[in-house]
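A quick write-up on the structure given underneath.
The values are calculated or read from the model by the stated rules, or taken from the named source; none is laboratory data. Only a predicted model underlies this, so the values are computations on that prediction, with no experimental measurement involved. Note that each Cβ is placed from the backbone with ideal geometry, even for glycine, and that neighbours are counted across all protein chains shown. These area figures cover heavy atoms from the full protein model, side chains too; ligands, DNA and RNA do not enter into them. Shrake-Rupley method; radii C 1.70, N 1.55, O 1.52, S 1.80 Å.
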Amino acid sequence: MIAYVRRMTLRSIITIPDPVLRELCAPVETVDDDVRALADDMLDTMYDAPGIGLAASQIGVLKRIFVLDVAKEDAPKEPMVFINPKIVWSSEDMSVYQEGCLSIPEYFEDVERPTEVTVQFMNREGAEQEIKADGLLATCIQHELDHLDGKLFIDYLSKLKRDRVVKKFTKQAKLAGIL
Ligand code: NI
C-alpha cells in the first residue's frame, strides 16, 4: 500500500477594500485535477482561518467555486464543494442570521435572506447535484454565491453601516501599508 499524504496548502485570504472581491467570477469549464486541488486548498484555508465558507475570489481566483462546512464544531467534518452553483428556487420565507466573512474579519451583522433555497452545482468529482437547503446551510450558500458575483454581506446593510466598516478597513490597510 502506498501512503499518500497531501500537504496542506494555505492561501492568503483577501480582505476589503481589495477590489478583487468585487469582481465577477467566471464559470469553471472542466472539473479537472487543477480545480480539485484549488477546492482542497480552499478547504484547508477555510478550516485554518477558521471559517465555515470560502469563495475562490477570496483567495484571488476568479472562478465560480466555493466551499463550506456547516457541521457543528464537535461533529465530524462535512466539507462541501460547489462548482458553478446556481440557485434555482428561493423560499418567500425569510430568516435572519448574524453573518461574518473571512474577508471582513471580526465584523458581524444581521442579514435577512430566504430561509430555503434549491441549488444546482457540480461537486468535487464534477457530478451534477441539486440540494434543497435550509437554516445555516441555506444562508451560507447564499452568502458564498454572492461572492462569485462580487457581492458582500455588507451590501445588505444600511449605507451608513457599510460606509463605516469599509472606512475602518481602508484605514487599517493604509496603516499596514497595503493601500
Ligand atoms: Ni464571505
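Can you go through T15, T30 and tell me which one is within 14 Å of the ligand (Cβ to nearest atom) and either closer than 21 Å to G150 by Cα or open to solvent by 20 Å² or more (accessible area, probe 1.4 Å) (or both)?
So the residue among T15, T30 that is within 14 Å of the ligand (Cβ to nearest atom) and either closer than 21 Å to G150 by Cα or open to solvent by 20 Å² or more (accessible area, probe 1.4 Å) (or both) is T15.
For segment 152-179, name all the residues that are free of Cβ contacts under 8 Å to residues at least 40 places away in the same chain and under 21 Å from the mean Cα position of the chain (by Cα).
D155, R162, listed by residue number.
Among the residues of segment 140-168, write down those that are open to solvent by 70 Å² or more (accessible area, probe 1.4 Å) and under 15 Å from R64 (Cβ atoms).
D149, K151, listed by residue number.
For every residue, the table says whether it meets (1) touching an Asp or Glu at 6+ places or on another chain (Cβ under 7 Å); (2) open to solvent by 20 Å² or more (accessible area, probe 1.4 Å).
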site	(1), (2)
A75	no, yes
E78	yes, yes
I87	no, yes
S103	no, no
R113	no, no
N123	no, yes
G126	no, yes
K132	yes, yes
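Inspect segment 118-130 for any residue being of a type in the set (A, V, I, L, M) and touching a residue at least 24 places away in the same chain (Cβ under 8 Å) and give the result as yes or no.
yes
Which condition number in (1) at pLDDT 95 or above; (2) part of a loop (DSSP other than H, G, I, E, B) is the one that K132 fails?
Failed condition: (2).
Tally time: how many residues in segment 53-64 are part of a loop (DSSP other than H, G, I, E, B) and either out of contact with any Leu (no Cβ under 7 Å at 6 or more places or on another chain) or buried (at least 20 other Cβ atoms within 10 Å of the Cβ) (or both)?
Total meeting the criteria: 3.
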